[in-house]
Amino acid sequence: MLVVITYDVCTITNSGQKRLRKVAKVCQNYGQRVQNSVFECFVDATQLASLKIKLENIINPKEDSLRFYQLGNSYKNKVSHIGVKSSLDLEDPLIF
């Protein structure tokens, strides 16, 4: 299923800046960055549960925010894009 993850991490302090980098790094392990604080991740239910736990252990819930949008398996007709940064098809093999 396709899950869109957005986050807002308070970066006023050094610890906040570290949390921001950690959140981004964890998200990069599961999907692709499509905006500064937005990732598209193609995961199954188990991977999503694991991802949520990892991110919850990083953030400070009194200062930071995470959002998960589950678009499901028929996401292709729910996502459209305009502009310069094209997306990779997350179901295709990643060959560089």
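For segment 1-49, the solvent-accessible area of protein heavy atoms averages 55 Å² per residue (probe radius 1.4 Å; ligands and nucleic acids excluded).
The accessible-area ordering, largest first, of the residues ARG19, ARG67, ARG33 stands as ARG67, ARG33, ARG19, per a 1.4 angstrom probe.
Ordering of 44-57, 4-17 by packing is 4-17, 44-57, highest average first (other Cβ atoms within 10 Å, averaged per residue).
Of VAL84, VAL43, the residue with the largest accessible area leads and the full order is VAL84, VAL43 (1.4 Å probe).
Taking 0.36 nm per residue of separation and subtracting the Cα-Cα distance, full extension of the segment from ILE53 to ILE12 would add 12.3 nm.
Calculated FRET efficiency, VAL84 to LYS62, Cβ-Cβ distance, R0 = 41 Å: about 0.70 to the nearest 0.05.
The values are calculated or read from the model by the stated rules, or taken from the named source; none is laboratory data. Fair warning: this is a prediction, and the values are worked out from it, not measured in the lab. As a convention, Cβ positions derive from the backbone with ideal geometry for all residues, glycine included, and neighbour counts pool all protein chains shown. The area values use the complete protein model at the heavy-atom level, side chains included, leaving out ligands, DNA and RNA. Shrake-Rupley method; radii C 1.70, N 1.55, O 1.52, S 1.80 Å.
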